Each structure stands twice: as C-alpha cells, then as structure tokens.
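Everything below concerns the one structure shown next.
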Amino acid sequence: MVFASPAQLSIANHDLAGLGATVVRDNSSQNIVGTFFKFWLPRVSEVFVLGTFNNWGRDASNNLNPKSIGFALTQLSDSGYWYGYTPDLKYSPTIPGENEYKFYVIGFNGSNDVDWVADPIARDTVQRNPNVGDADALVVDWESFEWQYDSYYARERRDFRRYIIYQFHWGTFFRPEKDLDYEQFNLGEANAADKRFAVAQRLKKISSMGFSAIELLPIHEANGATDAGYNPSFFFAVESAYGTPEDLRILVDEAHKIGLAVIFDVVVNHLTDDRSKSSFSQPFIKGWYSRENAPWSNHILFPGQTDWGPDPDFDRPEIRNIIFDCIQMYFSEYHIDGIRLDATTTIPRNALKEIVGRLLVENRRYGKFISAEHLTNDPFPYIIGDIGCSAGWDKGAFNSGMGGAISQPIRGSFNALRDAFESNYNGLPETAIKYVLGSHDEIWMQ
C-alpha cells in the first residue's frame with residue numbers, strides 16, 4: 001500500500017486496505033513508513049494493537065498498560081470495523097521478531113471482560129507454545145517479493161485443457177529423505193538462491209513425468225506440524241512448520257519457470273475441530289465469525305457424520321467478504337493459477353455463488369482456474385452451470401478407475417473407465433477433473 005503521506009490514512013479512506021496488517025510505503029514505493037491495521041469485531045469498547053514494537057504494552061516495570069502504551073484502533077461508527085495506522089511498526093525482513101503483533105480487546109463488562117486476540121486474518125503466525133490459539137500474528141510484506149517468471153508464464157495460464165495435475169503435500173514432498181514425517185522444504189537452504197535451486201530440482205521431476213500442473217494440499221496454518229491441511233486453524237496464514245510465505249512464493253515462481261501451473265487446495269468451509277485452537281474459536285471472535293450448529297455444517301447436513309469444527313457464519317456479509325479476501329489473496333499475493341474448493345456441499349449456495357462470482361469478475365483478465373469438490377452424483381450442472389466454477393472433481397472417474405478396472409481387472413469395466421476419461425460438461429473436457437488413480441481422500445482410506 002502506498003500513500004503520499006501518512007496523513008492520508010483517515011476515516012474517509014480507511015478501507016483502502018483489507019483486514020489484517022498491511023505494510024505502508026511512502027509515495028516513492030520504496031520506503032516503509034509504518035503499518036495499517038483493520039479488524040472486524042462488533043460490540044466491544046476498545047481495541048489495541050500490542051507487539052514487539054511497543055514491548056507488548058508493558059512499561060519499564062513490566063506492568064501491562066495497554067491503554068497508555070498500546071496502539072489504539074478507531075471504530076468506524078458502530079460498524080464493528082476498527083482501523084488505524086502506526087509509524088511505530090515498520091516491517092523488517094531481517095528481524096522477524098519485530099513484526100509480531102496481537103489485538104488486546106476490551107469489552108463493556110468491566111475489568112474481567114478483556115482478552116488477547118490473534119488476528120484471524122494474519123498472513124503468518126508464530127507459535128509461543130503448542131497451542132496454535134496462542135499464536136502471535138506476523139506482519140507480511142508480500143509486495144516486496146521479486147517475481148522472476150510470472151510474466152513469462154502468463155500466456156500459458158488460460159489453457160486449462162493442458163492441465164495434467166500432480167497433487168502433493170507441501171511439507172513432505174520437498175524433504176522425503178528426512179526421518180520426520182513432516183519437515184520444512186527449505187531446511188538447510190540459507191538464502192533465496194539456494195532455496196530456488198532446491199525447489200527447482202524437485203519440480204523438474206514432476207515436469208519430466210509429463211505433468212503440466214501441480215496442486216498443493218491445503219497450505220493453511222493448522223494445528224501442530226503433522227497435518228495434511230484439511231483442519232485449518234487460520235485461513236490466511238501459511239503452515240509455519242513447512243516454510244514462510246516467501247518460501248511458498250519461491251515454489252510458485254520456480255514452477256512457472258518450467259511451465260507448471262500452480263493450484264492451491266483451499267479449505268474455507270470450516271476450521272479445526274479442536275475448538276480451543278482455532279482463530280474463529282477465540283472467546284471474543286466466536287459468535288461473530290463462526291456459527292454453532294449452522295445448517296450447512298457437515299454433521300447437520302449428514303447426521304451421524306463428523307463435526308468438522310467451527311463453521312464460518314456465511315449469513316454475515318462481513319464473513320463472506322473475509323472468505324473472498326482469503327481466496328483472492330492466493331491469486332493476488334501468491335500469483336497462483338487456480339484453486340480447488342474443498343467440500344462445497346458444506347458452503348451455502350448463496351454464499352458460494354457470490355464468492356465465486358466475485359472471483360470471476362476480479363480475475364477475468366487473468367484466466368484463473370476455479371474448481372470444486374462437490375460430492376454429489378452429478379455435481380457439474382450445479383458447480384459449473386449454476387455456481388460458475390471452471391471445473392468439478394469427478395468422483396466417478398475414481399470409481400471406474402482404481403475402484404474398478406484397475407483394481408479389479410477381471411470384474412472392472414474398461415468401458416466405464418473410457419467413459420470416465422471422456423466425461424465433461426457441455427462438451428468441454430477441462431470441466432471434469434478425473435482422478436482415476438485416487439487423490440488424498442482415497443490414499444487415506446487404503
């Protein structure tokens with residue numbers, strides 16, 4: 001974000017930044033002059049930003065004095081939107097600890113009605129103990145990353161027919177020789193050049209097998225360091241156990257260098273089922289960001305099934321905005337080529353249609369690929385024809401492939417397998433993603 005002067009950060013243009021923390025530069029676009037915060041939380045009396053930049057609101061005697069030391073946000077009327085700019089927090093790429101922050105929220109019910117709130121929109125987090133709910137947020141300067149190959153790859157992005165997808169887990173793929181099941185892909189690489197080289201060597205193996213796209217299992221911050229990503233704790237933050245936001249951008253950039261499209265598997269229909277460790281489960285947050293036993297919850301829609309955890313309150317326009325911002329962040333800040341929306345049966349139709357429609361409008365110039373996993377017998381008329389996605393995951397292809405002709409060559413039907421390969425919607429082959437050998441779900445069931 002660039003302003004001619006910090007004075008421009010007024011109530012009139014507070015919404016020039018999305019929710020979370022945004023690095024602010026001067027008019028030259030070179031010098032970082034501070035940080036702009038925006039936070040949504042109705043019906044509280046005060047919100048302060050505390051962090052390493054103001055000694056977490058503690059005075060010389062180590063006493064907590066947020067009102068006198070913390071940075072106070074201003075509420076826009078009674079909208080629940082809190083915002084503010086401070087020159088005291090200047091993002092530093094070389095001192096990560098200086099970029100940590102948290103909200104200190106004061107309610108209306110006396111001195112006991114206070115709490116620390118980890119920013120639900122944090123782009124990155126750092127854990128101070130095994131409880132992800134106690135994570136501190138980190139300011140991230142995504143605009144400083146120097147993309148080297150994005151413009152080179154842009155001409156390939158629109159040709160969805162060429163996508164032959166290789167799906168993998170970000171944490172395990174880049175360090176399979178390690179004893180740990182999950183590990184940082186950049187462990188041992190000290191600088192960006194070495195990281196790029198290490199990533200490129202692995203990606204070339206995928207390209208050499210004939211794949212033209214990679215799909216990463218969800219990269220959301222999840223509970224602990226041994227998670228496949230389908231139980232996110234923070235929607236916007238990347239899994240800190242596997243790397244930094246910059247590491248992930250390096251992966252995308254190096255993939256584009258060798259002609260691989262990049263797709264993220266995105267889980268925005270629920271958060272972790274450990275309710276003490278989800279950003280939407282924090283005491284001041286729950287009830288505004290999430291909704292207990294929502295009619296679109298997995299265990300409500302399908303009685304007897306698992307309660308996946310806090311469900312976003314899709315009835316609130318503010319929450320639909322947050323979900324849109326999260327997905328759009330992957331496109332604009334990570335320059336990916338497509339997304340896979342997980343389990344869209346648990347996202348209400350009106351919310352899903354609105355979010356996908358906004359994504360299509362926002363990215364119409366860039367040809368982004370939007371697919372969805374909608375596990376019904378015939379998902380395509382709904383997920384493509386009604387909602388407007390580019391493609392849907394074709395469960396029938398697995399049933400005819402690994403579940404039929406491949407695993408049972410005598411009883412399986414090769415005609416059904418052929419039909420699966422030829423399946424499409426409205427004559428467009430790229431509308432049906434066929435995973436005949438299975439995907440993450442089938443692998444876990446083996």
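Here are the numbers:
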item	result
Candidate lysines for bridging to Lys395, where Cα separation is under 21 Å - those fewer than 8 sequence places away on the same chain excluded	Lys434
Residue-wise HN-Hα coupling along segment 68-82, computed from phi with Karplus coefficients 6.51, -1.76, 1.60 (Hz; x: Gly, Pro)	9, 10, x, 8, 7, 8, 10, 8, 7, 6, 10, 6, x, 8, 10
Relative contact order for segment 206-336, counting Cα pairs under 8 Å that sit 6 or more residues apart, in percent	24 percent
Gyration tensor (alpha-carbon) shape descriptor, segment 257-310, a/c threshold 1.5	oblate
Point-to-point label distance, Ser68-Arg365, nm (Cα→Cβ direction, 7 Å offset)	5.1 nm
Under the Karplus curve 6.51 cos²θ - 1.76 cosθ + 1.60, θ = phi - 60°, whole-Hz ³J(HN,Hα) for segment 98-114, x wherever Gly or Pro sits	6, 9, 7, 7, 8, 8, 10, 10, 10, x, 9, 10, x, 5, 8, 8, 9
Isotropic mean projected area of the C-alpha convex hull, segment 219-363 (nm²)	8.9 nm²
Residues Asp194 and Ile164, FRET efficiency given R0 of 30 Å [Cβ-Cβ distance, rounded to 0.05]	0.55
Built amide H within the under 5 Å cut-off of Ala72, gap 5+	Val49
Estimated vicinal HN-Hα couplings, Hz - segment 311-324 in sequence order (Karplus 6.51, -1.76, 1.60; Gly, Pro = x)	9, x, 7, 5, 6, 8, x, 5, 6, 4, 4, 5, 5, 4
Arg123, Arg349, Arg196, reordered so the largest accessible area comes first (probe 1.4 Å)	Arg349, Arg123, Arg196
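The values are calculated or read from the model by the stated rules, or taken from the named source; none is laboratory data. On a predicted model such as this, the values are computed, not experimentally measured, just so you know. We place every Cβ from the backbone using ideal geometry, glycine too, and count neighbours over all the protein chains shown. The area values use the complete protein model at the heavy-atom level, side chains included, leaving out ligands, DNA and RNA. Shrake-Rupley method; radii C 1.70, N 1.55, O 1.52, S 1.80 Å.
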